[in-house]
Structures are given as C-alpha cells and as structure tokens.
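Chemist: Attaching a single structure in structure tokens format; questions to follow.
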Amino acid sequence: MKLTVYRYKVWDHQDDNQAQIPPFYAIREYIEQLEGASVIEEDYLEVDESDLDIDGRISSN
C-alpha cells in the first residue's frame with residue numbers, strides 16, 4: 001500500500017524564530033503528535049508502507 005510521507009519542521013520552544021528539519025519524512029499522523037511540529041506540505045513522497053519504520057518515518061538520506 002502506498003502512503004504519502006512529508007518533511008516537517010520542529011520549532012524551538014525557547015526561540016520561536018528557530019526551526020529544525022529532522023532527517024526524516026513521516027506520515028501526517030506522526031507529525032501531528034509532535035509538540036511544536038508542522039508539516040511542509042510541498043515536500044512529500046509516495047512510499048510503500050513496508051518502507052516505513054514503526055513510527056511511520058523514512059530517512060531522507
């Protein structure tokens with residue numbers, strides 16, 4: 001089964017102007033559970049479900 005995974009950014013709690021982009025693409029449900037994270041809608045991939053780790057992520061490398 002194909003799933004859409006997205007890049008995301010996580011905002012720094014101490015500095016609202018700083019965001020980090022983790023080295024993963026992830027399913028939307030995983031990203032929405034992270035505090036301070038937001039989906040980068042225009043950066044996505046279609047992948048097989050079997051390529052994802054247990055958290056619904058795949059390395060961007």
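The values are calculated or read from the model by the stated rules, or taken from the named source; none is laboratory data. Just so it is clear, the model here is predicted, and its values are computed rather than measured. In this analysis, Cβ positions are derived from the backbone assuming ideal geometry, glycine residues included, and neighbour counts consider all displayed protein chains. Protein only, heavy atoms only, side chains kept; ligands, DNA and RNA dropped before computing areas. Shrake-Rupley method; radii C 1.70, N 1.55, O 1.52, S 1.80 Å.
Chemist: I want to confirm something. Restricting to segment 11-20 and keeping residues that are of a type in the set (S, T, N, Q) and either closer than 17 Å to Asn61 by Cβ or surrounded by fewer than 10 Cβ atoms within 10 Å (Cβ to Cβ) (or both), which single residue is nearest to the chain's Cα centre (by Cα)?
Modeler: Gln20
Chemist: Give the residue, chosen from Glu46, Glu35, Glu42, that is modelled with pLDDT under 95 and either out of contact with any helix residue (DSSP H, G or I) (no Cβ under 6 Å at 6 or more places or on another chain) or charged (D, E, K, R) (or both).
Modeler: Only one candidate qualifies: Glu35.
Chemist: Is it the case that Ser50 is small (Gly, Ala, Ser), surrounded by fewer than 16 Cβ atoms within 10 Å (Cβ to Cβ), out of contact with any Asp or Glu (no Cβ under 9 Å at 6 or more places or on another chain) and outside any strand (DSSP E or B)?
Modeler: Answer is yes for this residue.
Chemist: Condition (residue is farther than 12 Å from Ile58 by Cα, in contact with an Asp or Glu (Cβ under 9 Å, 6 or more places away or on another chain) and either open to solvent by 60 Å² or more (accessible area, probe 1.4 Å) or assigned to a loop (DSSP other than H, G, I, E, B) (or both)) applied to segment 2-10: is it met by at least one residue?
Modeler: Checking segment 2-10: at least one residue is farther than 12 Å from Ile58 by Cα, in contact with an Asp or Glu (Cβ under 9 Å, 6 or more places away or on another chain) and either open to solvent by 60 Å² or more (accessible area, probe 1.4 Å) or assigned to a loop (DSSP other than H, G, I, E, B) (or both).
Chemist: A further question follows. Condition (residue is in a strand (DSSP E or B) and open to solvent by 60 Å² or more (accessible area, probe 1.4 Å)) applied to segment 22-39: is it met by at least one residue? Give the steps one after another, and end with the answer.
Modeler: The first filter runs over segment 22-39 and keeps only residues in a strand (DSSP E or B), leaving 24-26, 37-39.
Next, only the ones that are open to solvent by 60 Å² or more (accessible area, probe 1.4 Å) stay: none.
Within segment 22-39, not a single residue is in a strand (DSSP E or B) and open to solvent by 60 Å² or more (accessible area, probe 1.4 Å).
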